[in-house]
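Below you'll find the structure, written out as structure tokens, and then a few comments.
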Amino acid sequence: MRSQQRLFARYIENLPPGQLSWIGVRPARKAPMQSLHDTQAIKDLGLEGDHRCTKTPGSARQVTIISEEYIQQIRHFAKLDAIHPNQLRRNLVVSNINLTALRHQQFCIGDAIFEATALCHPCSRMEQTLGKGAVAAMLGHGGLCAKVISSGKISVGDTVSVIAPQTSLF
């Protein structure tokens, strides 16, 4: 078990569950996001209908996740009145859960199990989408990348809950 995973594991058992509030997929690279009410998360591939599902199996960047709370921070720092989730090009938007605490952890959304792998840094396209200063506004608030550990259906409104890792005394 990695050291950060071990450290977070001490505390995440008490992390209250969150909620999935938006799902988006891109059928092709640079294509507009399509909002969905539900989709299938496919083990080792990603979300059904998303172009990343046809990329490298087992990738650590199969699904991208951001929180509504991060979106509000980005909106504030970018001095924007509103941001729609599809502008940020993340697949999943969650709310009411500490996204940073999910890093290197496994968690359930609907019938699927995910593992958060790395921070999802903003790309230069955010400057085109949100305007000058958007990348700076997103630093530290870009969300997480994740991989699908176990296939299952996910739907807007599903609970997001951490799976406490099994720790060994030896």
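The values are calculated or read from the model by the stated rules, or taken from the named source; none is laboratory data. These figures come from a predicted structure and were not determined experimentally. All Cβ positions, glycine included, derive from the backbone under ideal geometry; neighbour counts span all protein chains shown. Areas reflect the complete protein model, heavy atoms only, side chains present, ligands, DNA and RNA absent. Shrake-Rupley method; radii C 1.70, N 1.55, O 1.52, S 1.80 Å.
For the reader, a short list of remarks on this structure follows.
- Selection within segment 55-76 - open to solvent by less than 80 Å² (accessible area, probe 1.4 Å) and either of a type in the set (S, T, Y) or assigned to a helix (DSSP H, G or I) (or both): S59, T64, S67, E68, E69, Y70, I71, Q73, I74, R75
- Candidates G18, G24 - the one that is closer than 23 Å to S155 by Cβ, modelled with pLDDT under 95 and either open to solvent by 80 Å² or more (accessible area, probe 1.4 Å) or within 14 Å of the chain's Cα centre (by Cα) (or both): G18
- Close pairs (6 angstrom Cβ cut-off, 6 or more residues apart or separate chains): open to solvent by 70 Å² or more (accessible area, probe 1.4 Å) in segment 114-140, small (G, A, S) and assigned to a loop (DSSP other than H, G, I, E, B) anywhere: H121/G142
- Scanning segment 138-170 for residues that are among the aliphatic types (A, V, I, L, M) and either more than 30 Å from A78 (Cα to Cα) or at pLDDT 95 or above (or both) returns L144, A146, V148, I149, I154, V156, V160, V162, I163, A164, L169.
- Residue within segment 84-99 that is open to solvent by 70 Å² or more (accessible area, probe 1.4 Å) and either among the aliphatic types (A, V, I, L, M) or on the phi > 0 side of the Ramachandran plot (or both) present: yes
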